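The structure under discussion appears below in the form of structure tokens.
The values are calculated or read from the model by the stated rules, or taken from the named source; none is laboratory data. All figures in this text were calculated on a predicted structure; none of them were measured in a lab. When we count neighbours, we look across all protein chains shown, and the Cβ atoms used for this are built from the backbone with ideal geometry, even at glycine.
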């Protein structure tokens, strides 16, 4: 795709997405499996331990045995529902290890479980409050990448930060800065991007594209962040035309759905 065509696509997409009201963006985030499956534990665990849980589970949301909304988050929910409230970080390890022992790449995922839960970062988060986390959000991103010995733009790192951001949104803490954190590039994000006529893009190309689209959206709706945008694209990224139409009909956004269908040529 030529540069001017790419630029026009960015403008067109941002204009379409800017028609979505902020309260609908927030409802879209609430429809993420990491929100609706985990929310009940926030009130029993308290914010600090809950934030550690969200990052822990977010770090291992990859190479699953099925769709995340079926094979991952609901199963973790069922395990935790039958466990007591954790008093220590090691309790979370003991609760979750039985699930990861039966997952793909189980040795690696168990090692990641240990690495994060034994870190000074997880201890700090365990004893934190929402205001502290909001103020230190970007430094937590840096520290998490160091703890996990990964690039801070890696999908599992940025997705774990999205999970932390969702935990803040659950308690109506909106002051954190998510703007430098890129979209987590997974199969659905990549597929939706390809449907736009943008093929053979690297992960960095895809991150930069959605960063530019978000920047344009924020010129009209400043409150929208990458958590909102990623949630929407992830939810619609693998839908067929009928599913696509129904999705936007349920949001009372048929016009937005139709414009996207025309753009995607579904």
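Okay, residues lined up against (1) crowded, with 18+ Cβ neighbours inside 10 Å; (2) out of contact with any strand residue (DSSP E or B) (no Cβ under 8 Å at 6 or more places or on another chain); (3) part of a loop (DSSP other than H, G, I, E, B); (4) modelled with pLDDT under 95:
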| residue | (1), (2), (3), (4) |
| --- | --- |
| 194 | no, yes, no, yes |
| 198 | no, yes, yes, yes |
| 245 | no, yes, no, no |
| 248 | yes, yes, no, no |
| 252 | no, yes, yes, no |
Point to revise | Neighbours by Cβ (under 9 Å, 6+ apart or cross-chain): first from the range 216-231, free of Cβ contacts under 8 Å to residues at least 60 places away in the same chain and in the same structural domain as residue 158 (by TED's automatic domain parsing); second assigned to a helix (DSSP H, G or I) and crowded, with 22+ Cβ neighbours inside 10 Å | key: none
Check your understanding: Is it true that residue 128 is in contact with a helix residue (DSSP H, G or I) (Cβ under 8 Å, 6 or more places away or on another chain), surrounded by fewer than 20 Cβ atoms within 10 Å (Cβ to Cβ) and in a helix (DSSP H, G or I)?
Key -> no
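Is it the case that the range 32-43 has a residue that's surrounded by fewer than 16 Cβ atoms within 10 Å (Cβ to Cβ) and over 20 Å from the mean Cα position of the chain (by Cα)? Reasoning before the result, please.
Step one: of the range 32-43, the residues surrounded by fewer than 16 Cβ atoms within 10 Å (Cβ to Cβ) are 36, 39-40, 43.
Going one step further and asking which of them are over 20 Å from the mean Cα position of the chain (by Cα), we end up with 43.
Within the range 32-43, one or more residues are surrounded by fewer than 16 Cβ atoms within 10 Å (Cβ to Cβ) and over 20 Å from the mean Cα position of the chain (by Cα).
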Review point. All but one of (1) part of a helix (DSSP H, G or I); (2) more than 28 Å from residue 48 (Cα to Cα) hold for residue 238; which doesn't?
Key: (1)
Practice item. May I ask you to verify whether residue 210 is touching a helix residue (DSSP H, G or I) at 6+ places or on another chain (Cβ under 6 Å), surrounded by 21 or more Cβ atoms within 10 Å (Cβ to Cβ), touching a residue at least 12 places away in the same chain (Cβ under 8 Å) and in a helix (DSSP H, G or I)? Key: no
Review point. Of the conditions (1) closer than 20 Å to residue 15 by Cβ; (2) in contact with a helix residue (DSSP H, G or I) (Cβ under 7 Å, 6 or more places away or on another chain); (3) assigned to a helix (DSSP H, G or I), residue 224 fails just one. Which one is it?
Key: (3)
Exercise for review: Report, ordered by the first and then the second residue, all pairs with beta carbons closer than 6 Å, sequence separation of six or more or different chains, a first member in the range 116-133 that is assigned by TED's automatic domain parsing to the domain that holds residue 88, and a second member that is outside any helix (DSSP H, G or I).
Suggested key: 130/171; 130/173
Study note, to complete from the structure: For the range 65-97, the count of residues that are buried (at least 16 other Cβ atoms within 10 Å of the Cβ), part of a loop (DSSP other than H, G, I, E, B) and in contact with a helix residue (DSSP H, G or I) (Cβ under 7 Å, 6 or more places away or on another chain) equals 1
